[in-house]
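Below is one structure; the comments refer to it alone.
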Amino acid sequence: MNAQVVNARPSPVPSPMILLGVNIDHVATIRQARKGDEPDPLRAAHECEMAGCEIITVHLREDRRHIQDHDVHALARFSQARLNLEMGATDEMIGIALALRAAGAAGPQAGPQMVTLVPEKRQELTTEGGLDVVAGLAHLKHAVTRLKAAPGAITVSAFIEPDARHIQAAADAGFDACEFHTGAYARAFALAGGDTSLGTLAHELARIADAGHRCRALGLRFHAGHALNYQNVRAIAALPGLAELHIGHAIVSRAMFTGLRAAVTEMKRLIESAGT
């Protein structure tokens, strides 16, 4: 009789690598303080790429407070990483994304490869919450359809709260991905000092984990971002099925002391070590 293996355990299946999108808006914020040429967001993008980031994220706001149109054109043409353009779901912004994609389709670059639709208020300092996909379903469905009809297609992500209603609405609107707003988690982490037994931290982390499960069950990619930093990122990066993290302010802030390449390298190290 052949020997039988008792209680054999399957070999572990490695988790897919989480892609890091570095938001370089605040490189442009520093430049716009003097309305000059330095620091250059394109050079910042190249530094991030040298550190191994896979995605460059920029938010072209209606009021052009930091990133300018010429920045997006330069990044679409010369960035080697995938370009993720955050924007409001307006005719102006959709037109810009489509024009960039059409111009790039004829050359070696075809950015933006991804668009993330976000809510936008002129008076806010930064994006304060997720997109209301439920209330804006018809409009957003039309916007998604237009973007996905671009040459080569554009991946379209919804920046939303980790809420079941908005996840279902995002699927109904035709989005490819949901980027969950992690601001409430970040606030809870700070208040609890990272201790999941205190306050609402465990609850907020569970909300994002559940949202990730729901969006993946609907065939959408699971992304996350907002207010993530070197202290709180590992718990989010350890969530099952997470495909992308989009982080900006913390990396640019750290870069003031270490340089941008080192700041990105350290964030990637923390993300990659999250499952260990």
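The values are calculated or read from the model by the stated rules, or taken from the named source; none is laboratory data. The model shown is predicted, which means the values in this text are computed figures rather than measured ones. Please note: Cβ atoms are built from the backbone with ideal geometry, for glycine as well, and neighbour counts cover all protein chains shown.
Using the structure shown, decide if residue 122 is over 16 Å from the mean Cα position of the chain (by Cα), crowded, with 22+ Cβ neighbours inside 10 Å, farther than 27 Å from residue 262 by Cα and at pLDDT below 95.
In short, no.
Within region 170-177, is even one residue in contact with a Ser or Thr (Cβ under 9 Å, 6 or more places away or on another chain) and under 21 Å from residue 248 (Cβ atoms)?
Yes, because at least one residue in region 170-177 is in contact with a Ser or Thr (Cβ under 9 Å, 6 or more places away or on another chain) and under 21 Å from residue 248 (Cβ atoms).
Somewhere in region 215-228, is a residue surrounded by fewer than 23 Cβ atoms within 10 Å (Cβ to Cβ) and assigned to a helix (DSSP H, G or I)?
yes
With a cut-off of at least 2 residues that are without any contact (Cβ under 8 Å) to a residue 24 or more places away in the chain and among the aliphatic types (A, V, I, L, M), name the helices (runs of 4 or more DSSP H) lying wholly within region 231-276.
Per the criteria, 249-258.
Kindly provide the set of residues from region 142-152 that are touching a helix residue (DSSP H, G or I) at 6+ places or on another chain (Cβ under 8 Å) and assigned to a loop (DSSP other than H, G, I, E, B), ordered by number.
Passing the criteria: 150, 151, 152.
Looking at 103, 138, which one is of a type in the set (Gly, Ala, Ser), more than 15 Å from the chain's Cα centre (by Cα), outside any loop (DSSP other than H, G, I, E, B) and modelled with pLDDT of 95 or more? Steps first, please.
Values: 103 fails: modelled with pLDDT of 95 or more.
Residue meeting the stated conditions: 138.
Which of the following residues is at pLDDT 95 or above, under 30 Å from residue 238 (Cβ atoms) and either surrounded by fewer than 21 Cβ atoms within 10 Å (Cβ to Cβ) or in contact with a strand residue (DSSP E or B) (Cβ under 8 Å, 6 or more places away or on another chain) (or both): 60, 20?
It is 20.
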